[in-house]
Amino acid sequence: MSSWAPKRFWKEAEAVVAEQGYTVTLDGRVLKTPGKTAFWVPSMALAQEVAREWQAQEDLVRPETMPYTRTANSALDKVAPQFAAVADMLAAYGGSDLLCYRADAPQELVARQAQAWDPLLDWTAQTFGARLRVTRGLMPIEQPPECGASLTEAVHALTPFQLAAFHDLVAISGSLVLGLAIARGHLTPDEGFALSRIDEDWQSGLWGVDDEAAAFEALKRESISHAARFFELCG
């Protein structure tokens, strides 16, 4: 495997006003996405976060330390050109939402899931008019068509930049409901992530915490936090 990585060639990364919104320049040259698109974001606050990531790079550029840049690149190169397909894919999580599939035993876990997740399903019903059905076990359950239509409409109402961040909120949590709750400020990122980990926390309580799993969990928690902040900064 090649160990090549791009080297820092600029002295100053700066957030500036652009024709479409705001961009980042490296020594006065406008940043480009990996797809060679002129880079831009919808708010100065978001451009400043991206500029800080570039300014913080040292000898070698480390993309894994640049979550705001990566999400903005994804919005421009991947989400915008196929917005409807991405929105439909994320809305489809509502058809098999994590919060709708409950354990049938032991009773303590059943009660813990109900206490944690039922209020979120109530919020979804009140906010979107979508009362999702709940089942026990892994057998698929079909959701009412009107629920799918309402939740799909909510996802399609997002901008490409919001949708790029929303992708991470949904994919990492495994739940459209949790993604919407975080995006709308009903839950903090930490609250949403904790609610997505009810089953894992139960298992950890029984068998102990695996160090490798804990490190991976910490990375996912951090990713959700960045995604939520990116969504917020879209304005």
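Read-outs throughout are calculated quantities, based only on the coordinates presented, and are distinct from any laboratory measurement. Since this is a predicted model, take the numbers as computed values, not measurements. We place every Cβ from the backbone using ideal geometry, glycine too, and count neighbours over all the protein chains shown.
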Next on the checklist: For the chain, take the longest principal axis of its alpha carbons; what is the angle in degrees between that and the long axis of helix 107-128, to the nearest 10 within 0 to 90?
Outcome noted: 60 degrees
Checklist entry - Summing -39500 (n - 2.57) over the DSSP H runs of n ≥ 4 in the chain and dividing by its residue number, what mean residue ellipticity at 222 nm do you reach, to the nearest 500 deg cm²/dmol? => result -17000 deg cm²/dmol
Next on the checklist: For a quick check, take a GNM of the chain with Cα springs below 10 Å and name the residue from A15, A164, A154 with the largest mean-square fluctuation.
Outcome noted: A154
Checklist entry - Once label points are set 7 Å from the Cα along Cα→Cβ at both R184 and R29, what is their separation, rounded to one decimal in nm? => result 4.5 nm
Checklist entry - Residue separation times 0.36 nm, minus the C-alpha to C-alpha distance between A56 and I141: what's the value? => result 25.8 nm
Checklist outcome for this item: The helix 145-156 Cα axis meets the longest alpha-carbon principal axis of the chain at an angle in degrees, between 0 and 90 and rounded to 10, of 20 degrees
Checklist entry - Hey, any idea what Rg/Rh is for segment 92-160, computing Rh the Kirkwood way over Cα pairs? => result 1.01
Checklist entry - Hey, which lysines would be in cross-link range of K32, C-alpha to C-alpha under 25 Å, not counting anything within fewer than 8 residues on its own chain? => result K7, K11, K78
Checklist outcome for this item: Note to self: C-alpha centroids of segment 171-235 and segment 27-97 sit apart, in Å, by 20 Å
Checklist entry - Which of the aspartates and glutamates could be linked to K220 by a straight reach, that is with a Cα gap under 18 Å, when you skip same-chain ones fewer than 8 residues away? => result E64, D168, D190, E191, D199, E200, D201, D210, D211, E212
Checklist entry - Among bridges DSSP assigns within the chain, what percent are antiparallel (round to 5)? => result 85 percent
Checklist entry - How much net charge surrounds P140 when only the other residues with a Cβ under 14 Å from the Cβ of P140 are counted, with Lys and Arg +1 and Asp and Glu -1? => result +1
Checklist entry - What number, in percent, do you get for the relative contact order of segment 1-65 if the mean sequence gap of Cα pairs under 8 Å and at least 6 apart is divided by its residue count? => result 36 percent
Next on the checklist: At R0 = 22 Å, how high is the FRET efficiency between A149 and E191 if r is their beta carbon distance? Nearest 0.05 is fine.
Outcome noted: 0.20
